[in-house]
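Everything below concerns the one structure shown next.
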């Protein structure tokens, strides 16, 4: 199991490096900063990400917003992410211009936060300025497959952040 978490952590670090580089390239067009939580929603996680995140946070003392709406992130308290160091992969790329392949697998599609890039046109978005999400998702998929074969968990069984918060709270109660 530790190897799976190690592989997942390596991927997360690789994504962090890429996102840091892209933030530097795009910073003059981005308004994202601490306290901006427009992107903080309740996302689904693959089993490897759910389990690795739970493993990383289970011994921490984290506040949870138990009154958060179903589509809001329960780890967002007073506009601050309580699990920032261990936040999901999707949260790491927020604000950046993101390229994903369309469903037919023929064309790239571009998306970004509407608060960012307000003074640019489509010519600005060259591939080296964008986060190619499918590239990283492919690697995440393979790590998740390996994790699922070791744990017996269905690799397609998604859990959301509210389920992670509930599980964290349950683990925390067991410690007391």
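The values are calculated or read from the model by the stated rules, or taken from the named source; none is laboratory data. From a predicted model like this one, the values you see are computed outputs, not experimental measurements. Cβ sites come from the backbone with ideal geometry, for glycine too, and all protein chains shown count toward neighbours.
Observations on the model:
- The number of residues in the range 25-55 being in contact (Cβ under 8 Å) with a residue 12 or more places away in the chain, assigned to a loop (DSSP other than H, G, I, E, B) and farther than 15 Å from residue 142 by Cα comes to 12.
- Filtered residue count, the range 25-40, keeping only those that are in contact with a strand residue (DSSP E or B) (Cβ under 9 Å, 6 or more places away or on another chain) and surrounded by 13 or more Cβ atoms within 10 Å (Cβ to Cβ): 2
- Among (1) touching a helix residue (DSSP H, G or I) at 6+ places or on another chain (Cβ under 9 Å); (2) more than 18 Å from residue 165 (Cβ to Cβ), the one test that residue 50 misses: (2)
- Residues of the range 105-151 satisfying the condition of being on the phi > 0 side of the Ramachandran plot and at pLDDT below 90: 105
- Residue match in the range 5-24 (condition: within 21 Å of residue 124 (Cβ to Cβ), crowded, with 16+ Cβ neighbours inside 10 Å, touching a residue at least 12 places away in the same chain (Cβ under 8 Å) and over 14 Å from the mean Cα position of the chain (by Cα)): yes
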